[in-house]
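Colleague: Take this structure, written in structure tokens, and hold onto it; I'll ask about it next.
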Amino acid sequence: MSVSAARAERVRWADTAKGLCILLVVLWHVVAKQYLRLEWPEGLRIPGVWGTLCELLLPLRMPLFFTISGMFALGAVHRPWRISARSRVAKFLYLYVVWLLIHTALLSLAPDFPTDRATSPLGLLEQLTITPSNLWYLYALALYFVIAKVTWRLPRFVVLGAAFALSVAAASELVPVPGNRAGLLQNLVFFLLGLYFRQYVERLAEGVNWPRFALATGVYGGLLVVMVVTGTQDVPGVWPVVCVAAAAFGVTGSAMLARWDRIATPLIGIGRRTLPIYVIHMPLLALLDLALARPLSALAATPFGLPLALLEPILMTALIAWICLTLHRGLEATRLSRFLLDLPGGAKPAQARPAATPVAATPEPAATPAGVGAHHAAPHPAAYANTARPAGGVPTAQAATWPTVTEQAAASLPVTQWPTRNGATWNPDPAATHHYHPQCHRQDAHTGHPPQVPPTQPGHPASSPSSGYQNPDAQATLPYEAYLSALPPSGPRPGAPTAQPYPAQHGPSTPAAPHHGPDATGHRVWPSSPGGHESTSQPSSGPWFDPPRAAQGTSWAPGTADGHAADTAALGHRDPSEAEWPWARDPDRTWPMRPSRRPNDPRS
């Protein structure tokens, strides 16, 4: 699995868990504050079952929520205060204050609704400071982040030990916990667990399978049953331990649910929009209870009371979640979400850049291509009169140019090319320091170093009107037929030894010194065989390029394995020993380290 796929998988299970947690929060408030307050017939036990089920899920909802919140706060803890304080502290405090005022105003319309509310300025101040309202999750996120960042450099076991002791004291009511202060004190340890052990939580989610999920379910279920049966939830340390097991069960269960798209897709959509559901659902539930309490109580006394008792918590939870998400879309459409769901002033408006005034391009002298100056003198300015550019391109002043030499400028260039016309004679200069090698006409594929063009030799005829370095990607200045007319004639050279197939029996040969220049008699010495022997070629009036010749008694000669006489195969003359060759006979395939194309071939 790639890194991006693994990261998407982690976000997928985390969003699934968040969507499940926020629905459980709404379900708990529906059952505790609205469902159980309806007038149900005596003897109907279904409302009691719903109440017990929601109480058993108390160790799961908020501990799992804060564990995931701590995981995603790890990056912000490492950032400077000036960056992380706005998004992790100021934003949540701002939202808490704004929605606390909205809740206070809306809940005053339903005075009988059982929830914490401020009825005086002193009560409002208390909810703003030490005893948060039912929006305490926002207050806790800001407070927990400050604690985590301040204590980040302290030993982890010290910070976790203090947070666990605080959770034990709050769960056992060893300290006063009015209102929602108990939840504020109990869940700091889970935020720090997600922050410190994020990699282990992710590893648990990624490696989940049915046996591990069954083990987590068994541990959580067993501890929960023991706690309920023995009534030890108030014993110090029991409740936090059960909550840890519940968080592990929630991580594995969410990872399993994320594998089923039909279940995970709606939960992921809800999990990515938990904030509007959290801040809107409580006053919405109060208003729905105010409007539907009497009709639902009357319906409970009818034969429809049993289906109503079974389905009313689920239907009310789904209705509230749908209304919250619909209101969220309306807030986004009216852009009120920038003030009600986010800290305003976060994104600075993009400043329009002034339009650039077009400036006429001034011609500049063309730069010499890298590496050309190492082998050529500075060309005449007239050599850059016509610049090579891609087909259809428009020349600009800043475009890098390659020289396309005209006939007038070619005469002034100090470097000329080797003869390319038929009838040129080979008369090398013994004093010349440069020697020809077939690879010196090839561009280095690795370094991009330009080829070395041999200097003018005495007795050589004038070259065609083209010289200097030619960009292989530039447009050809001559038609393709003109290049073909300058090629040496194909086929065996007159007077050349008869070609023998390779491999063949090597006869005796006279070793010579490894020298590739002219010998004392003025004859050119060429490599003759793979064995490293040399042979001397006689001057002739053939083409300027003398292909290597084989010495007497050797098998390597033009037309065998170097690719220079591929026309033999083209004419249908099959070599009887061709089946024994270690490689296929291909015109583009050459004997090792030997070029298959002529040096003046425009395809080179």
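The values are calculated or read from the model by the stated rules, or taken from the named source; none is laboratory data. Since the structure is predicted, the reported quantities are computational estimates derived from the model, not experimental observations. As a convention, Cβ positions derive from the backbone with ideal geometry for all residues, glycine included, and neighbour counts pool all protein chains shown. These accessible areas exclude ligands, DNA and RNA; they are computed on the full protein's heavy atoms, side chains included. Shrake-Rupley method; radii C 1.70, N 1.55, O 1.52, S 1.80 Å.
Colleague: Largest first, how would PHE164, PHE304 line up by accessible area (1.4 Å probe)?
Modeller: Listed by decreasing accessible area, they come as PHE304, PHE164.
Colleague: Loop-only trypsin sites (Lys or Arg not before Pro) in segment 253-315, please: DSSP not H, G, I, E or B, and at most 16 other Cβ atoms within 10 Å.
Modeller: Hits after loop and neighbour filter: ARG259, ARG272.
Colleague: Let me ask you something else. Points 7 angstrom from Cα along the Cβ direction at ARG329 and TRP152: gap in nanometres?
Modeller: Placing both labels 7 Å beyond Cα along the Cβ direction yields 4.0 nm.
Colleague: Still on this structure, please answer the following. For segment 112-151, what is the accessible area per residue in Å² when the probe is 1.4 Å?
Modeller: 44
Colleague: May I pose another question? For a quick check of your reading of the filter: which GluC sites (Glu not before Pro) in segment 141-235 sit in a DSSP loop and have no more than 12 other Cβ atoms within 10 Å?
Modeller: Within segment 141-235, the qualifying GluC sites (Glu not before Pro) (loop, at most 12 other Cβ atoms within 10 Å) are GLU173.
Colleague: Got a number for the accessible area of SER108? Probe 1.4 Å, square angstrom, nearest 10.
Modeller: 70
Colleague: Compare LEU215, LEU95, LEU101 by solvent-accessible area with a 1.4 Å probe and give them largest first, with all protein chains kept in place.
Modeller: LEU215, LEU101, LEU95
Colleague: Right, another one. Report the local net charge at LEU143: Lys and Arg +1, Asp and Glu -1, summed over other residues whose C-beta lies under 15 Å from its C-beta.
Modeller: +4
Colleague: Tell me, what is the FRET efficiency for LEU174 and GLU55 to the nearest 0.05, using R0 = 22 angstrom and their Cβ-Cβ distance as r?
Modeller: Rounded to the nearest 0.05, the efficiency is 0.55.
Colleague: Specify the inter-centroid distance of segment 232-296 and segment 119-151, based on alpha-carbon positions, in whole Å.
Modeller: Taking the Cα centre of each part, segment 232-296 and segment 119-151 sit 21 Å apart.
Colleague: Another question about this same structure. What figure in square angstrom, to the nearest 10, would you give for the accessible area of SER87 with a 1.4 Å probe?
Modeller: Approximately 60 Å² of SER87 is accessible to the 1.4 Å probe.
Colleague: In a shell of Cβ-Cβ distance under 10 Å around TYR35, excluding TYR35 itself, what net charge do Lys and Arg (+1) and Asp and Glu (-1) give?
Modeller: 0
Colleague: Does segment 190-292 come out rounded, prolate or oblate by the C-alpha gyration tensor, with a ≥ b ≥ c the root eigenvalues, rounded set by a/c under 1.5 and, if not, prolate when a/b is larger than b/c and oblate if not?
Modeller: Oblate.
Colleague: With r defined as the distance between the Cβ atoms of TYR200 and THR302 and R0 fixed at 56 Å, what FRET efficiency is calculated, to the nearest 0.05?
Modeller: My answer for the efficiency is 0.60.
Colleague: With every protein chain left in place, what is the accessible area of THR119 in Å² (1.4 Å probe, nearest 10)?
Modeller: Only protein atoms counted, so the area is about 130 Å².
Colleague: Same structure, new question: With +1 assigned to the C-beta of every Lys and Arg and -1 to the C-beta of every Asp and Glu, and no other charges, what is the dipole magnitude of segment 143-218 about the Cα centre in debye, to the nearest 20?
Modeller: 220
Colleague: What part of the accessible area of segment 1-125, given as a whole %, is carbon or sulfur when the probe is 1.4 angstrom?
Modeller: 63
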